[in-house]
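Below: one structure, written as structure tokens.
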Amino acid sequence: MMIVALADFFLFAFTVETFAQKRRYLVPFGIASAAIIVFLTFFWDPLINWAAVMILSLVTYSILAYLSIGAMRLAKMRSYKYGFGLIASSNIFLSLFFVFMSVDRLTGRWTPFLFLAWTILFIASLLTFVGYTLPPWFKKLLGEP
């Protein structure tokens, strides 16, 4: 769980550097991430730990999705528009992963929501890969050279 909180901080730093260029938000988010890491170190309730990491991740994914949609509107090339759209969509899928994992934990272990959560995470990974790398087959699919 601590690794996820640390990864959220680095994802937020990447997002700020890539999309927003406003580093003033980096310090408060870093303090929040560090506070959650300390909280996870000393507090041992799995449900509350999961909720704390989920909230931090949802904030991170929401900000990245919002900024991706803004960049999508400014993009001129069709492949970049779709790429930013895929990045925003992947963050929505990542948020759904946490929702389904929470439902699985609340309804008992090994429910169909667990399978759905991991399936959604796989889809989010594919969307993230295609959105960031824009492979040649994707550009060809869109009809661009």
Within segment 77-84, identify whether any single residue is of a type in the set (F, W, Y) and on the phi > 0 side of the Ramachandran plot, and answer yes or no. no
Criterion: among the aliphatic types (A, V, I, L, M), out of contact with any Cys (no Cβ under 7 Å at 6 or more places or on another chain) and under 15 Å from M1 (Cβ atoms) - qualifying residue of A34, A88: A34
Does S79 satisfy being of a type outside the set (D, E, K, R), farther than 25 Å from V99 by Cβ and modelled with pLDDT of 90 or more? yes
Could you say whether any residue in segment 117-128 is surrounded by fewer than 18 Cβ atoms within 10 Å (Cβ to Cβ), among the small types (G, A, S) and at pLDDT below 95? no
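Matching residues to (1) out of contact with any helix residue (DSSP H, G or I) (no Cβ under 9 Å at 6 or more places or on another chain); (2) of a type outside the set (A, V, I, L, M); (3) modelled with pLDDT of 95 or more:
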{"site": "I55", "(1), (2), (3)": "no, no, no"}
{"site": "T60", "(1), (2), (3)": "no, yes, no"}
{"site": "F84", "(1), (2), (3)": "no, yes, yes"}
{"site": "G108", "(1), (2), (3)": "yes, yes, no"}
{"site": "P112", "(1), (2), (3)": "no, yes, no"}
Could you say which residue among I31, I48, I87 is at negative phi and surrounded by 14 or more Cβ atoms within 10 Å (Cβ to Cβ)? I87
Tell me whether segment 72-83 contains one or more residues that are hydrophobic (A, V, I, L, M, F, W, C) and crowded, with 19+ Cβ neighbours inside 10 Å. no
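The values are calculated or read from the model by the stated rules, or taken from the named source; none is laboratory data. For clarity, every value in this text was computed on a predicted model and none was experimentally measured. Here Cβ is always computed from backbone atoms with ideal geometry, including for glycine, and neighbour counts include all displayed protein chains.
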